[in-house]
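Below is one structure, written out as structure tokens; comments come after it.
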Amino acid sequence: MSETSGAPRRRRLPATIRRAKDVDARVGGREVAAHDEQPPAVVDAHAEQKSERQVALIFLASAACTVGFAIGYVAIGLKNINDVELSNYVLGLTLTGALGFLGIGMVLWTKLLMPHYQVTEERHPFASPDADRQEFAEVFNQGLDELGLVRRPILRRSLLTAAGLLGVLPIFMLRDLGPKPEKTLFHTRWTKDARLTDIVSKQPVKVGDIEIGGLMTVMPEGVAIEDKNAATSPVILIRLRLGENVPYKGREDWAPEGYVAYNKLCTHAGCPIGLYEQQTHQLFCPCHQSTFNVLKHCRVVFGPAARPLPQLPIYIDDQGYFRARSDFTEPVGPSFWERG
Amino acid sequence: MTTPASGMGSGPIAKVVEHQAKTLDDRLGLADALKRNMRKVFPDHWSFLLGEIALYSFIIVLLTGVFLTFWFEPSVKEVTYNGSYVPLKGVKMTEAFASTLNISFDVRGGLLIRQIHHWAALLFVAAIGVHMCRVFFTGAFRKPREINWTIGVILLTLALLEGFAGYSLPDDLLSGTGLRIAFSIVESIPVVGTYVGFFLFGGNYPGPQFIPRLFTIHVLLLPGIFLALIGAHMIILVRQKHTQFPGKGRTEDNVVGTPLYPGFALKTGGFFMLVFAMCALLGAVAQINPVWLYGPYNPSQVSAGTQPDWYIGFLDGALRLMPNWEFPIPGGYTFSFNILFPAVILPGILFTVLALYPFIEAWLTNDHASHNLLDRPRNRPNRTGIGMAMMSLYIILFLGGGNDIIADKFDLSINTLTRLFQAGVFVVPPIVFIITRRICFGLQRRDYDTIHHGHESGTIKMLPTGEFVELHVPAEENERIFIIESAATSHLPQVDEAVEAQRAQDAIEAGHVRGRNYGNGRGRPPGATAAAALETTRRKILSFFYEETPVVHDDEHDPTKSLTP
């Protein structure tokens, strides 16, 4: 800028913008009228130059941040976790600067250096004139008539049948998305005489491996959690004090020497039951807070679960290893329609 | 004043633009459409920015998402991790999880973009929610904008699904638990639940197919629908023009504000940059979804304090607060109402009612006119009350989703807390409704006061009699216009006595004609009783929720009647 006299002058604006009324009358054609709510103020040329420089500086700050980002990208290699942290800070903050300064600059530009005025635009009802509607109806009806959709019921019905059937086709094609449930949900990977093995060490569990009040997650021997249909098989083996367990009728011999085994999946939404409170003998699901009383065959004492955790019948073999008497006697995990 | 507008002005830039514009227009003929839309008017109000935030965070999510797809492997094939995050070296995990670690630790800027993507996704849903509140409480959804409201509700629903899908892709322990719950929810659907679940997941949970399928849905199917619906949302917005608050020079038949080009375009461009910058800042300093701390998914493990992303919180809360009602169905079936209701039926009802709300309100209030001027929430106490009541319900469900965290942090009994929230679901919304209405009426009275007595000046004057009075200054013209106009335009349409009487008559007749033989053996015309019942219901709901009861019956102090001095 060469005019640095500092004398107040009328802000130099494009003629078209200053007279919003003219512009809009021209731009919007028939429908737009406008008025100046806040006519452009008389601005100090010096102040304007200052604002201009400010905005330009802010844009340059953004550019500097972008350069900083590039430097950070090249300079910081990812060799260890500390590098990752540093790189994230440097790249993130420079990107913030690059975007943020650009944004601030653009907003300030409109605030400080552009005319502020409001224009008024007229609205018109959306409804088409009656004549148009009528014309549309006529054209549409004429088309119907030419098609003969009303006069030719056989054509109409056969067309609808064909199109409807074609619409069902994609649903058929989704059939092979997965297998039918069949009886999958009624079984786990537990079998008769399967040994209980620690899910972590993969070692079969013996009497005495767990302290009183302790627990362990076990799987059937030879089955890993990643195996097919094995996700429902984890079992919690808990050692209670002798005589503490109040067995369900008919399950008196399912808990040898105070050891009880229950399926780990919550009967509510299938989360693994993660927490055992030794003092109260309660199993607690961290997902929705269903609480089960271990002493009383894991019946529900609180929360949205409706059924007790299924119990795995176990016995101790001659060498002292725990073995399953059979698979669970009921479906495990959350309820489903066919469950019964 | 008389200078004729001279084309595009002068100067080298304008010449080039003019030439290019001519070249394009010769081939596409766009000048006509552009000249109209370039000056689209955007009314100035801070609350109009909320929708923009939603739009911009969607663009940010798109941009960052594309970057992430270059490295992400949507596969559950098992691999042994050998990347640079030492604590998980040698651990078996799915390719999905391993590639997420790879993006986070071995791709420069990968962690940053991942975190920006996640933050922007959270912001996207939040901005939609707040934008929707603005539209609801100001009545911007009314005719002619009902369709756009419904599209918005669909967008919100899809945003929840899209967010959950993205959150589940890394196959970490936290999101895997979320997917397990999702599978259980599908299983709870009567009759077809297990089939749908097995087909979706490619078998029993965790199916081998689900991550790749979820990926296709997350990056192709849903974004495609988003683009189409957001496009429709915008086109309708431009076609119908913005709503505006009442004020000087603003009527139902015009719209006053800043034109799109150039002022609004530059400002909103800057605003996009600022939204992006905010997401970048969060990505830089605020860790989000550190999947390497959760570890790979394992169906036998779970972490304490499992919380979904915030927008699923209300559903998780509903699941937690639901009593354990499960019903046996004769014939060997089970109806898992304890899951089906909170996770399927409740959101189904909520979102359907939400999507149809404009039509419901119009039907109840008989207000079928077009509205381009916005309501102030205080002038529609009942709608505002309903909105606040629903928000309070939402907040209780949301808090219910964090009941374990709250119990832990404040050392409360989780059982007591859950019972409290359960009671709160029924008790709090009605109380909130009543209180909100009272507050609205109070604000109306204050408006009335402002119009008739002006503002307090803070100057106390002693009268010759010794009495002290405070001087009042009259309200400014703009404020007066705003208050008076908004109160006037917010009124429900005058009840047309003749129409109402006819409706009542029809309803009574329909109810009274039992006994006559209509040839169908039922003694009443088919559908008549239903129509009568519907009309009675409409009136009951109307009188309960929507009839605007004036606070003060004294005519002089009735703000709804005598606001205009």
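Considering only residues that are farther than 19 Å from B:GLY402 by Cβ and out of contact with any strand residue (DSSP E or B) (no Cβ under 7 Å at 6 or more places or on another chain), look in segment A:287-305 and name the one that is farthest from the other protein chains (Cβ to nearest Cβ). Before the answer, list the steps.
Pass one, segment A:287-305, residues farther than 19 Å from B:GLY402 by Cβ: A:292-301, A:305.
Next cut, out of contact with any strand residue (DSSP E or B) (no Cβ under 7 Å at 6 or more places or on another chain) only: A:295-296, A:305.
Working: A:LEU295: 18, A:LYS296: 16, A:ALA305: 6 Å.
Within segment A:287-305, the match that is farthest from the other protein chains (Cβ to nearest Cβ) is A:LEU295.
Which residues, counting only those in segment B:334-352, are of a type in the set (S, T, N, Q) and at the interface with chain A (Cβ under 9 Å from one of its Cβ atoms)? Quick ask: steps written out before the conclusion?
To start, the set of residues in segment B:334-352 that are of a type in the set (S, T, N, Q) comprises B:334, B:336, B:338, B:352.
Matches in segment B:334-352: B:THR334, B:SER336, B:ASN338.
Could you list all residues from segment A:273-299 that are hydrophobic (A, V, I, L, M, F, W, C) and out of contact with any Phe, Trp or Tyr (no Cβ under 6 Å at 6 or more places or on another chain)?
Step one: filter segment A:273-299 for residues hydrophobic (A, V, I, L, M, F, W, C), giving A:273, A:275, A:283-285, A:287, A:292, A:294-295, A:298.
Selection gives A:ILE273, A:PHE284, A:CYS285, A:CYS287, A:PHE292, A:VAL294, A:LEU295.
Which condition from (1) within 29 Å of B:TYR311 (Cβ to Cβ); (2) surrounded by fewer than 16 Cβ atoms within 10 Å (Cβ to Cβ) is the one that B:GLY385 breaks?
Evaluating B:GLY385 over (1) within 29 Å of B:TYR311 (Cβ to Cβ); (2) surrounded by fewer than 16 Cβ atoms within 10 Å (Cβ to Cβ) leaves (2) as the failure.
Could you check B:ILE236 against (1) in a helix (DSSP H, G or I); (2) surrounded by 15 or more Cβ atoms within 10 Å (Cβ to Cβ) and say which number it fails?
All conditions pass for B:ILE236, except number (2).
Run down A:GLY270, A:GLY243, A:GLY333 and say which single residue is surrounded by fewer than 19 Cβ atoms within 10 Å (Cβ to Cβ) and either more than 8 Å from every other protein chain (Cβ to nearest Cβ) or assigned to a loop (DSSP other than H, G, I, E, B) (or both). Before you say what the answer is, go through the steps one by one.
On the way: A:GLY270 fails: surrounded by fewer than 19 Cβ atoms within 10 Å (Cβ to Cβ); A:GLY333 fails: surrounded by fewer than 19 Cβ atoms within 10 Å (Cβ to Cβ).
Answer to the selection: A:GLY243.
With B:LEU68, B:LEU101 as the choices, which residue is at pLDDT 95 or above, within 13 Å of chain A (Cβ to nearest Cβ) and crowded, with 18+ Cβ neighbours inside 10 Å? Show your work before the answer.
Numbers: B:LEU68 fails: within 13 Å of chain A (Cβ to nearest Cβ).
Sole residue among the options that is at pLDDT 95 or above, within 13 Å of chain A (Cβ to nearest Cβ) and crowded, with 18+ Cβ neighbours inside 10 Å: B:LEU101.
Within the set of pairs 6+ apart or on separate chains, which have a first residue in segment B:154-183 that is touching a residue at least 40 places away in the same chain (Cβ under 8 Å) and surrounded by 21 or more Cβ atoms within 10 Å (Cβ to Cβ), a second that is among the aliphatic types (A, V, I, L, M) and not in a helix (DSSP H, G or I), and C-beta atoms under 7 Å apart?
Once the first residue is touching a residue at least 40 places away in the same chain (Cβ under 8 Å) and surrounded by 21 or more Cβ atoms within 10 Å (Cβ to Cβ) and sits in segment B:154-183, its partners that are among the aliphatic types (A, V, I, L, M) and not in a helix (DSSP H, G or I) give B:ASP171/B:VAL76; B:THR177/B:VAL302; B:ILE181/A:ALA269.
Condition test on A:LEU155, is it free of Cβ contacts under 8 Å to residues at least 12 places away in the same chain, surrounded by 12 or more Cβ atoms within 10 Å (Cβ to Cβ), in a helix (DSSP H, G or I) and not hydroxyl-bearing (Ser, Thr, Tyr)? Steps first, please.
Values: free of Cβ contacts under 8 Å to residues at least 12 places away in the same chain: yes; surrounded by 12 or more Cβ atoms within 10 Å (Cβ to Cβ): yes; in a helix (DSSP H, G or I): yes; not hydroxyl-bearing (Ser, Thr, Tyr): yes.
Yes; evaluated as a whole, the condition is true for this residue.
Test A:ILE76 against the stated conditions and say whether it is under 37 Å from the mean Cα position of the chain (by Cα), modelled with pLDDT under 95 and buried (at least 17 other Cβ atoms within 10 Å of the Cβ).
Details: under 37 Å from the mean Cα position of the chain (by Cα): yes; modelled with pLDDT under 95: yes; buried (at least 17 other Cβ atoms within 10 Å of the Cβ): yes.
Taking the combined requirement at face value, the residue satisfies it.
Go through (1) more than 7 Å from chain A (Cβ to nearest Cβ); (2) more than 25 Å from B:PHE105 (Cβ to Cβ); (3) of a type outside the set (Phe, Trp, Tyr); (4) in contact with a helix residue (DSSP H, G or I) (Cβ under 7 Å, 6 or more places away or on another chain) and name the single condition B:GLY331 misses.
It fails just one condition, (4).
Picking from B:ALA228, B:ALA265, which residue would you name as being more than 7 Å from chain A (Cβ to nearest Cβ), modelled with pLDDT under 95 and over 30 Å from B:ALA487 (Cβ atoms)? Give the steps one after another, and end with the answer.
On the way: B:ALA228 fails: modelled with pLDDT under 95.
Every option except B:ALA265 fails the conditions.
Which one of these is within 34 Å of the chain's Cα centre (by Cα), over 30 Å from A:GLN118 (Cα atoms), of a type outside the set (A, V, I, L, M) and more than 10 Å from every other protein chain (Cβ to nearest Cβ): B:HIS117, B:HIS45?
On the way: B:HIS45 fails: over 30 Å from A:GLN118 (Cα atoms).
Answer to the selection: B:HIS117.
Looking only at segment B:191-224, count how many residues are more than 15 Å from B:PHE164 (Cβ to Cβ), more than 12 Å from chain A (Cβ to nearest Cβ) and hydrophobic (A, V, I, L, M, F, W, C).
Residues flagged as more than 15 Å from B:PHE164 (Cβ to Cβ), more than 12 Å from chain A (Cβ to nearest Cβ) and hydrophobic (A, V, I, L, M, F, W, C) within segment B:191-224 amount to 1.
Looking at B:GLY313, B:GLY317 in this structure, which one is more than 9 Å from chain A (Cβ to nearest Cβ), surrounded by 23 or more Cβ atoms within 10 Å (Cβ to Cβ), closer than 30 Å to B:GLY424 by Cα and not hydrophobic (A, V, I, L, M, F, W, C)?
Working: B:GLY313 fails: surrounded by 23 or more Cβ atoms within 10 Å (Cβ to Cβ).
When all the criteria are applied, what remains is B:GLY317.
Looking at this structure, is A:ILE238 more than 14 Å from chain B (Cβ to nearest Cβ), farther than 30 Å from B:TYR333 by Cα and surrounded by fewer than 20 Cβ atoms within 10 Å (Cβ to Cβ)? Spell out how you get there, then give the answer.
Values: more than 14 Å from chain B (Cβ to nearest Cβ): yes; farther than 30 Å from B:TYR333 by Cα: yes; surrounded by fewer than 20 Cβ atoms within 10 Å (Cβ to Cβ): no.
No, not satisfied.
Taking the stated definitions as given, is A:ALA61 surrounded by fewer than 18 Cβ atoms within 10 Å (Cβ to Cβ), at pLDDT below 95 and either in contact with a Leu (Cβ under 7 Å, 6 or more places away or on another chain) or of a type in the set (A, V, I, L, M) (or both)? So that I can check it myself, show each step before the final result.
Values: surrounded by fewer than 18 Cβ atoms within 10 Å (Cβ to Cβ): yes; at pLDDT below 95: no; either in contact with a Leu (Cβ under 7 Å, 6 or more places away or on another chain) or of a type in the set (A, V, I, L, M) (or both): yes.
No; evaluated as a whole, the condition is false for this residue.
Taking B:ARG108 and the conditions (1) in a helix (DSSP H, G or I); (2) of a type in the set (D, E, K, R); (3) farther than 23 Å from B:PRO223 by Cα, which numbered condition does it fall short on, given that it satisfies the others?
The one condition B:ARG108 does not meet is (1).
Could you go through segment B:134-145 and let me know if any residue there is surrounded by 18 or more Cβ atoms within 10 Å (Cβ to Cβ), among the charged types (D, E, K, R), in a helix (DSSP H, G or I) and within 14 Å of another protein chain (Cβ to nearest Cβ).
Checked against the condition, which is being surrounded by 18 or more Cβ atoms within 10 Å (Cβ to Cβ), among the charged types (D, E, K, R), in a helix (DSSP H, G or I) and within 14 Å of another protein chain (Cβ to nearest Cβ), segment B:134-145 yields no hits at all.
Just for segment A:158-201: of the residues that are of a type in the set (D, E, K, R) and either in contact (Cβ under 8 Å) with a residue 12 or more places away in the chain or within 18 Å of A:GLN311 (Cα to Cα) (or both), which one is surrounded by the fewest Cβ atoms within 10 Å (Cβ to Cβ)?
First, the residues of segment A:158-201 that are of a type in the set (D, E, K, R): A:175-176, A:180, A:182-183, A:189, A:192-193, A:195, A:198.
Next, only the ones that are either in contact (Cβ under 8 Å) with a residue 12 or more places away in the chain or within 18 Å of A:GLN311 (Cα to Cα) (or both) stay: A:189, A:192-193, A:195, A:198.
Numbers: A:ARG189: 20, A:LYS192: 10, A:ASP193: 12, A:ARG195: 20, A:ASP198: 16.
Taking the candidates together, the pick is A:LYS192.
The values are calculated or read from the model by the stated rules, or taken from the named source; none is laboratory data. Worth saying up front: this structure is predicted, and the values here are computed from it rather than measured. Cβ sites come from the backbone with ideal geometry, for glycine too, and all protein chains shown count toward neighbours.
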